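Trainee: Have a look at this one before I ask anything.
Computed from the coordinates by the stated procedures, all read-outs in this text should not be read as laboratory data. In this text, all values refer to a predicted model and were calculated from it rather than measured experimentally. Cβ placement follows ideal geometry from the backbone for every residue including glycine, while neighbour counts extend to all protein chains displayed.
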Amino acid sequence: MPKIDWNALVDFIGYGPNGPIELLFLGLEERADEGERNLAARASFRHVEDLRFAHEHVLASAGCYNPFAESHKNPVQQWNTAARFALALAGSAFWDEHNAWSSYWRNELGRSHGTTFLMECFPYPRRGRSTRLPGAPELTTDEMWLRRLALLRQFVQRNPVQFVVAYGILTKSKAADIFSIDPKAWHSVPGLNKPVDIATNGNTCVAHVGFFGQGLFANRDIPAIVRAMQDVAAEKR
């Protein structure tokens, strides 16, 4: 069984630039499908990693699954949706075309030279979930979140974020914690297929949407969500 540096895992921030961020995606937790081997490899990541480099070199070298090796497939639904968001925000008329978003996640999403960032509230499945993680720190979910919150908040204070898409039910309160959003600041976006709430604090605009998958989010809403975020951001200037 590989040795896992749990502290290094907890200290991992995410994938993308270590600098100003145009669009940050906030998910709830990293998966651990390959168990200890995957976790041990991810523990060797730098605090901020390049998505493609991390998977093609660090994880693949450890014998872990590498989605980038699937040249004709798009196996990570969350990345596919994030790529569509990024293209729509950039004003691309081809945001929903397969070749466009497939190329984007492979070459631009979460890259150290880019403008998008992938962040998870928790670096591995929370205690009490179905995934067993022998040796994981004996921390409650609340205790783990307080530790993570300090790291994530410090990162976004150091690296300005313009837009945030927090996906999944529980990420709304986490995004509010990270970006210091007043609970009363949220307002719903009308006329969409699935519920979306938006709030701002300073120069950061956050959209809370359903999970990217399981029928909880509608890709066809993306252009309207992007316009709503841009309109709200413009009002704050």
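Trainee: Give the Rg (one decimal place) followed by the Dmax (whole number) of region 73-157, computed from C-alpha coordinates and expressed in Å.
Mentor: 16.7, 48
Trainee: Could you work out the per residue convex hull volume over the alpha carbons of region 42-111, in cubic angstrom?
Mentor: Considering the Cα atoms of region 42-111, their hull volume per residue is 83 Å³.
Trainee: A follow-up question, please. Angle between the Cα long axis of helix 98-107 and the longest principal axis of the chain, 0 to 90 degrees, nearest 10?
Mentor: Relative to the chain, helix 98-107 is tipped by roughly 50 degrees.
Trainee: Could you give the spread of the C-alpha atoms of region 10-51 along their three principal axes, from largest to smallest, in whole angstroms?
Mentor: The Cα atoms of region 10-51 stretch 33, 20, 16 Å along their principal axes.
Trainee: Magnitude of the Cβ-charge dipole of region 6-236, K/R +1 and D/E -1, about the Cα centre, nearest 20 debye? Can you show the working numbers first?
Mentor: Working: 24 positive and 24 negative charges, 34 e Å.
Its charge dipole is roughly 160 debye.
Trainee: Counting DSSP beta bridges in the chain, what percent are antiparallel, to the nearest 5?
Mentor: 35 percent
Trainee: Quick one: grab the alpha carbon gyration tensor of region 7-141, order the square roots of its eigenvalues as a ≥ b ≥ c, and give me rounded if a/c is under 1.5, else prolate or oblate depending on whether a/b is larger than b/c.
Mentor: prolate
Trainee: Calculate the radius of gyration of the Cα atoms of the chain to one decimal place, then report Dmax, the largest Cα-Cα distance, as a whole number, both in Å.
Mentor: In order Rg, Dmax, the Cα atoms of the chain give 17.3, 54 Å.
Trainee: Name the residues whose placed amide hydrogens come within less than 5 Å of the amide hydrogen of Val165, ignoring near sequence neighbours (fewer than 5 apart) on the same chain.
Mentor: Leu24, Phe25, Leu26, Ala207
Trainee: Could you work out [θ]222 nm for the chain from helices alone, using -39500 (n - 2.57) per DSSP H run of at least four and dividing by all its residues? Round to the nearest 500 deg cm²/dmol.
Mentor: Numbers: 7 runs with 78 residues, N = 237.
Here the helix-only value at 222 nm equals -10000 deg cm²/dmol.
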